[in-house]
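First comes the structure, then the notes that go with it.
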Amino acid sequence: MSAGLRSGQVAEAAGVNIQTLRYYERRGLLAEPQRSSGGHRLYGEDAVTALRVIKAAQRLGFTLEEVAELLEAGGHRHGRPVAGLQERAAAKLAEVDAKIADLTTIRTTLVTAVDAGCDDLTVCASSSCCPIPFTDLAEENRHAGACC
């Protein structure tokens, strides 16, 4: 049997802990390693690459389930048609753009609320000049007075 990397070496080289390594193995994201005569797991260099790919995909917003599907798709390029990286990256990009738009709206509303001096949600909600969107819901309970 050729020499391989032990769990700690692989984890360190990939920048993960051993529990993460074992978890990915259980989830099927990493191939079952060979065993030494003493029963120690022995990984090839490809395990380090696989771990780095998994972590990079997670940093890009892919879930472990999505990462598993991407890895599966990559292994079946000549088989049945499956959504590959291009299609999934485009879909993830659309999700990110939608989140950015939502966060931009939230940020704008919060800046407006801070600038308006809103200090009490109940008072602000019943004020016609409250910049927080729930004022429309509280319109019937609105009372005259200073803003927030």
Other-chain or far-sequence residues with amide H under 5 Å of Leu42's (modelled H) | Gln34, Arg35, Ser36
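Pull out the extension gain between Ala56 and Thr104, defined as 0.36 nm times the separation in residues minus the alpha carbon to alpha carbon distance; nm, one decimal.
Between Ala56 and Thr104, full extension yields 14.7 nm more.
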Karplus ³J(HN,Hα) for the range 96-112 (6.51 cos²θ - 1.76 cosθ + 1.60, θ = phi - 60°; Hz, whole; x = Gly/Pro) runs 5, 4, 5, 5, 4, 4, 4, 5, 5, 5, 4, 4, 4, 5, 5, 4, 4
Could you work out the relative contact order of the range 1-47, using alpha carbon pairs under 8 angstrom and six or more residues apart, expressed as a whole percent?
-> 48 percent
Could you tell me the distance between the Cα centroids of the range 105-136 and the range 16-78, to the nearest Å?
-> 47 Å
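No value in this document is a laboratory result; all are computed from the given coordinates. It should be emphasised that the depicted structure is a prediction, and the values quoted were computed from it without experimental measurement.
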